[in-house]
């Protein structure tokens, strides 16, 4: 995994991700999703990207996209969870995620989640219900504006 040195603005210094922070007005959720990186999602497995949003007066959103490189994956689910929601889902990943936001089903999605408050979030791309692997291009960033 290529980790490059993080470059941060005042707000981004406080936004911690599982992997690294990027420059300017966005925070990438890590090398595995930066720039639409292609990932192999095994059957009955999920990718989870945890990140922390600090207290801020800015309006923040999680934006990006998912795309099935190996074709449309109808069993893929894409969702955003709070820390408490994640704990429940992680204990039983075959269960339907109880998310405060819309859950997308299928591999082709445009992401635009409002992040209303500071806290820990978990962006999940799940193939828990899938019987075959899915090759996915996943891109997601936190963008904050005044």
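The values are calculated or read from the model by the stated rules, or taken from the named source; none is laboratory data. Please read all numbers here as calculations on a predicted model, not as lab measurements. Here Cβ is always computed from backbone atoms with ideal geometry, including for glycine, and neighbour counts include all displayed protein chains.
Remarks
- Residue in region 89-103 that is surrounded by 16 or more Cβ atoms within 10 Å (Cβ to Cβ) and closer than 16 Å to residue 37 by Cα present: no
- Residue pairs whose Cβ atoms lie under 9 Å apart, sitting 6 or more positions apart in sequence or on different chains, and linking a residue in region 57-84 that is touching a residue at least 60 places away in the same chain (Cβ under 8 Å) and on the phi > 0 side of the Ramachandran plot to a partner that is surrounded by 14 or more Cβ atoms within 10 Å (Cβ to Cβ) and part of a strand (DSSP E or B), are 64/109; 64/111; 64/123; 64/138; 64/139; 64/140; 64/141.
- For region 128-139, the criterion of being touching a strand residue (DSSP E or B) at 6+ places or on another chain (Cβ under 6 Å), closer than 16 Å to residue 50 by Cβ, surrounded by 15 or more Cβ atoms within 10 Å (Cβ to Cβ) and at pLDDT 90 or above is met by none of the residues.
- Taken as a whole, region 8-17 holds no residue that is at pLDDT below 80, touching a helix residue (DSSP H, G or I) at 6+ places or on another chain (Cβ under 6 Å) and assigned to a strand (DSSP E or B).
- None of 142, 69 is over 18 Å from residue 42 (Cβ atoms) and at pLDDT below 90 except 142.
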